[in-house]
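Undergrad: Pasting in a structure now, in structure tokens, and then I'll have a few things to ask.
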Amino acid sequence: MPGLVHVSTTINGNPTDFLCEPRQSLLEVLRDVLGMTGTKEGCNDGNCGACTVVFDGRIVTSCLVLGVEAQDKEITTIEGVATPEGLHPVQQAFLENAALQCGICTPGFIVATKALLDREPDADEGRIRHWLAGNLCRCTGYDKIVRAVLDAEDKMKA
Amino acid sequence: MEAIEFTTPKTIDEAVQAMASKGDRARALAGGTDLLVQLRGGRRSADLVVDLKEVPELNEISYRPGSGLTIGAATPCYRLYANADVAANYPGLVDSASLIGSIQIQGRASFGGNLCNSAPSADAIPPMIALGAVANIVGPSGSRQVPVEDFCTGPGRNVLEPGELLVSINIPAPAANSGANYLRFIPRNEMDIAVAGVGSAVVLDASGQNFVSARIALASVAPTPVFSKAAGDSLAGKAVSDEAIEEAARLAMEDAKPITDMRGTIRQRIHLVGVLTRRTLNNAIKRARGEE
């Protein structure tokens, strides 16, 4: 039985050390080892996007990353999106547009949306729907989410 | 997932040693989008997972106008479509890289992993076959090269021996007046597995009116990706015409040996091969003529 591995990484700008088994996913490490439960588990096989985090500059499903792969990486989770001053414009837009119902998919949508708007502040509806195709929502029917993303674009330019 | 050991070799030699140390109990990890699902679901098991993302040769994309493109086996899809040389010279590869899984999956999944996973439905494999790609393999007893059309031997099976690694994939430099395209049919717009897929590559003469050569490959219609040599060869030397394309589509349909399953029926899949062969040939011709 392999032992625990010591991993040094950076999460939301904070140098972070943890111990994990090699078989544990980054999602398990975030939630069960580090107590960062903002990142949600949906399908646990890479289809639903609920566990989306930014991993060295790209969004990934953290259920399909091993915790040990986080060594020397930069990770941003939903906990790193808001600031002490308040919600990020993407979060504010999701609230104002009622772009959530049960909320389980929301952290993944917000992390994925922020990653899109950080690089493509003028993404059109088609591009938004394409970018977010890896995030499933079983409540909203997506229209409110897409409207929230378009609203977030306006808020981020204001 | 059962307990595993994990190692991160820094060189090809270290990676081969690690793979060889456990034989068929070692699994190579690139993006993990297939492997981790399989290990968790019990479809594959391993004692040792060898992370290849710190071996430089497996993580490089290099293009030289003379010798062509080398894609490190662990290079994720997004790096293909973000690479200016790939975008300019291999739009047929970009077609695949930008439709595999989601943006999240494209951040991790690699063409090398798609090839080694050897699914009949793999979207990266038909365009690589169409473009004449060759797999560079290294193992305890040295290195060897295998044309991508000969790599897969069955669903989830391939020519790699225990201890061997796919290092990279070479794709020849595009010929003058050449073009390629990959299309798949899925009932949704995104995030699905091909009911059928076709990759086509053509070389035209300087007038753009005649085929010099063509290669066509099919996904999801046999136990492995299919190189439909007869379909591509039928076009060589012919004038570009609907009749020539129709004949190639007919030959591609003959090479499709699909099954009926939850994604589609035999009849539908063979029909799709015809439709997608025509469409990908027409798109490849447009690209060869510089019309798109």
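The values are calculated or read from the model by the stated rules, or taken from the named source; none is laboratory data. Because the structure is predicted, anything quoted here is derived from the model rather than measured. Neighbour counts are summed over all protein chains in view; Cβ atoms, including those assigned to glycine, are modelled from backbone coordinates with ideal geometry.
Undergrad: Among (1) in a helix (DSSP H, G or I); (2) surrounded by fewer than 19 Cβ atoms within 10 Å (Cβ to Cβ); (3) without any contact (Cβ under 8 Å) to a residue 40 or more places away in the chain, there is one condition B:S62 misses while meeting the rest; what is its number?
TA: Among (1) in a helix (DSSP H, G or I); (2) surrounded by fewer than 19 Cβ atoms within 10 Å (Cβ to Cβ); (3) without any contact (Cβ under 8 Å) to a residue 40 or more places away in the chain, B:S62 violates only (1).
Undergrad: So which residues in segment A:1-20 are more than 28 Å from A:N135 (Cβ to Cβ) and within 14 Å of chain B (Cβ to nearest Cβ), if there are any at all? Walk me through it before giving the result.
TA: Filtering segment A:1-20 for residues more than 28 Å from A:N135 (Cβ to Cβ) gives A:1-6, A:8, A:15, A:17, A:19.
A:M1, A:P2, A:G3, A:L4, A:V5, A:H6, A:S8, A:L19 - these are the residues of segment A:1-20 that are more than 28 Å from A:N135 (Cβ to Cβ) and within 14 Å of chain B (Cβ to nearest Cβ).
Okay, residues lined up against (1) in contact (Cβ under 8 Å) with a residue 24 or more places away in the chain; (2) part of a loop (DSSP other than H, G, I, E, B); (3) crowded, with 21+ Cβ neighbours inside 10 Å:
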position	(1), (2), (3)
B:S200	yes, no, yes
B:F211	yes, no, yes
B:A252	yes, no, yes
B:P258	yes, yes, yes
B:T277	yes, no, yes
B:K286	yes, no, no
B:E291	no, yes, no
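Undergrad: Right, something else. Given the conditions (1) under 26 Å from A:R58 (Cβ atoms); (2) at pLDDT below 95; (3) within 11 Å of chain A (Cβ to nearest Cβ), and given that B:A3 satisfies all but one, which numbered condition is not satisfied?
TA: (1)
Undergrad: Continuing with this model, one more query. Scanning segment B:5-21 for residues that are out of contact with any helix residue (DSSP H, G or I) (no Cβ under 7 Å at 6 or more places or on another chain) and buried (at least 18 other Cβ atoms within 10 Å of the Cβ), which turns out nearest to B:Q106 (Cα to Cα)? Full working, then the answer.
TA: Looking only at segment B:5-21, we keep the residues that are out of contact with any helix residue (DSSP H, G or I) (no Cβ under 7 Å at 6 or more places or on another chain), and these are B:5, B:8, B:10-11, B:13-21.
The next check asks that each one be buried (at least 18 other Cβ atoms within 10 Å of the Cβ); those that pass are B:5, B:8, B:15-16, B:18-19.
Working: B:E5: 26, B:T8: 22, B:A15: 24, B:V16: 26, B:A18: 27, B:M19: 25 Å.
By that ranking, first place goes to B:T8.
Undergrad: Also, quick follow-up: Name the helices (runs of 4 or more DSSP H) wholly within segment B:86-167 that hold at least 2 residues that are closer than 17 Å to B:S228 by Cα? Please lay out each step first, then the result.
TA: Details: elements: B:91-97, B:103-106, B:111-117, B:125-130.
Ranges flagged: B:125-130.
Undergrad: Right, another one. So B:A124 ticks every box in (1) surrounded by 24 or more Cβ atoms within 10 Å (Cβ to Cβ); (2) within 14 Å of chain A (Cβ to nearest Cβ) but one. Which box is left unticked?
TA: That leaves (2) as the condition not met.
Undergrad: Answer with yes or no whether B:R108 is surrounded by fewer than 18 Cβ atoms within 10 Å (Cβ to Cβ) and touching a residue at least 12 places away in the same chain (Cβ under 8 Å). Even if it seems obvious, please write down each step before you answer.
TA: Numbers: surrounded by fewer than 18 Cβ atoms within 10 Å (Cβ to Cβ): no; touching a residue at least 12 places away in the same chain (Cβ under 8 Å): yes.
Answer is no for this residue.
Undergrad: Considering only segment A:84-143, state which residues are of a type in the set (G, A, S) and over 12 Å from the mean Cα position of the chain (by Cα).
TA: Let us first name the residues in segment A:84-143 that are of a type in the set (G, A, S), namely A:86, A:93, A:98-99, A:103, A:108, A:112, A:115, A:123, A:126, A:133-134, A:141.
Residues satisfying the conditions are A:G86, A:A93, A:A98, A:A99, A:G103, A:A123, A:G126, A:A133, A:G141.
Undergrad: Collect the residues in segment A:110-129 that are part of a helix (DSSP H, G or I), surrounded by fewer than 18 Cβ atoms within 10 Å (Cβ to Cβ) and not charged (D, E, K, R), keeping them in residue-number order.
TA: Initially, segment A:110-129 is screened for residues part of a helix (DSSP H, G or I), giving A:110-119, A:125-129.
Going one step further and asking which of them are surrounded by fewer than 18 Cβ atoms within 10 Å (Cβ to Cβ), we end up with A:118-119, A:125-127, A:129.
The one that is part of a helix (DSSP H, G or I), surrounded by fewer than 18 Cβ atoms within 10 Å (Cβ to Cβ) and not charged (D, E, K, R): A:G126.
Undergrad: Here's a follow-up. With the requirement that a residue be at pLDDT 95 or above, assigned to a loop (DSSP other than H, G, I, E, B) and of a type outside the set (D, E), what does segment B:6-44 give you?
TA: Once the filter is applied, which keeps residues that are at pLDDT 95 or above, assigned to a loop (DSSP other than H, G, I, E, B) and of a type outside the set (D, E), segment B:6-44 yields B:T8, B:P9, B:K10, B:T11, B:A30, B:G31, B:G32, B:T33.
Undergrad: Suppose we filter A:A93, A:A133 for residues that are away from chain B (no Cβ under 14 Å), assigned to a helix (DSSP H, G or I) and over 23 Å from A:E74 (Cβ atoms); which single one remains?
TA: Numbers: A:A133 fails: away from chain B (no Cβ under 14 Å).
Criteria check complete, one pass: A:A93.
Undergrad: Quick check on my filter: what residues within segment B:48-58 are within 9 Å of chain A (Cβ to nearest Cβ) and either part of a loop (DSSP other than H, G, I, E, B) or free of Cβ contacts under 8 Å to residues at least 24 places away in the same chain (or both)?
TA: B:K53
Undergrad: (1) over 20 Å from B:I171 (Cβ atoms); (2) of a type outside the set (S, T, Y); (3) surrounded by 15 or more Cβ atoms within 10 Å (Cβ to Cβ); (4) in contact with a strand residue (DSSP E or B) (Cβ under 6 Å, 6 or more places away or on another chain): which one isn't true of B:A239, the others all being true?
TA: (3)
Undergrad: Related question: State yes or no: is A:N14 surrounded by fewer than 21 Cβ atoms within 10 Å (Cβ to Cβ) and in the same structural domain as A:E153 (by TED's automatic domain parsing)?
TA: On the way: surrounded by fewer than 21 Cβ atoms within 10 Å (Cβ to Cβ): yes; in the same structural domain as A:E153 (by TED's automatic domain parsing): no.
The answer is no for A:N14.
Undergrad: Here is a check on your reading of the model: is B:G179 farther than 30 Å from A:C137 by Cα, not aromatic (F, W, Y) and not in a helix (DSSP H, G or I)?
TA: Numbers: farther than 30 Å from A:C137 by Cα: yes; not aromatic (F, W, Y): yes; not in a helix (DSSP H, G or I): yes.
So B:G179 fits the description; yes.
Undergrad: If you don't mind, there's one more thing I want to ask. Is it the case that B:A231 is under 22 Å from B:Y90 (Cβ atoms) and buried (at least 22 other Cβ atoms within 10 Å of the Cβ)? Break it down into steps so the answer makes sense when it comes.
TA: On the way: under 22 Å from B:Y90 (Cβ atoms): yes; buried (at least 22 other Cβ atoms within 10 Å of the Cβ): yes.
It is true that B:A231 is under 22 Å from B:Y90 (Cβ atoms) and buried (at least 22 other Cβ atoms within 10 Å of the Cβ).
Undergrad: From the list A:A148, A:A98, pick out the single residue that is modelled with pLDDT of 95 or more, more than 13 Å from chain B (Cβ to nearest Cβ), more than 22 Å from A:G46 (Cβ to Cβ) and crowded, with 22+ Cβ neighbours inside 10 Å.
TA: Details: A:A98 fails: crowded, with 22+ Cβ neighbours inside 10 Å.
Result: A:A148 is the single residue among A:A148, A:A98 that is modelled with pLDDT of 95 or more, more than 13 Å from chain B (Cβ to nearest Cβ), more than 22 Å from A:G46 (Cβ to Cβ) and crowded, with 22+ Cβ neighbours inside 10 Å.
Undergrad: Could you grab the pairs with beta carbons closer than 6 Å, sequence gap of 6+ or different chains, first residue in segment A:23-35 and more than 11 Å from every other protein chain (Cβ to nearest Cβ), second one of a type outside the set (A, V, I, L, M, F, W, C) and in a loop (DSSP other than H, G, I, E, B)?
TA: Short answer, once both residue conditions are applied: A:L30/A:T39; A:R31/A:T37.
Undergrad: Taking A:R58 as meeting all but one of (1) touching a helix residue (DSSP H, G or I) at 6+ places or on another chain (Cβ under 7 Å); (2) surrounded by fewer than 21 Cβ atoms within 10 Å (Cβ to Cβ); (3) without any contact (Cβ under 8 Å) to a residue 60 or more places away in the chain; (4) farther than 21 Å from A:L30 by Cα, write down the number of the exception.
TA: Single failed check for A:R58: (4).
Undergrad: State which residue is farthest from B:V240 (Cα to Cα) when the search covers only segment B:173-184 and only residues that are hydrophobic (A, V, I, L, M, F, W, C) and surrounded by fewer than 21 Cβ atoms within 10 Å (Cβ to Cβ). Full working, then the answer.
TA: Looking only at segment B:173-184, we keep the residues that are hydrophobic (A, V, I, L, M, F, W, C), and these are B:173, B:175-176, B:180, B:183.
Subsequent filtering for residues that are surrounded by fewer than 21 Cβ atoms within 10 Å (Cβ to Cβ) retains B:173, B:175-176.
Working: B:A173: 23, B:A175: 17, B:A176: 16 Å.
The qualifying residue farthest from B:V240 (Cα to Cα) is B:A173.
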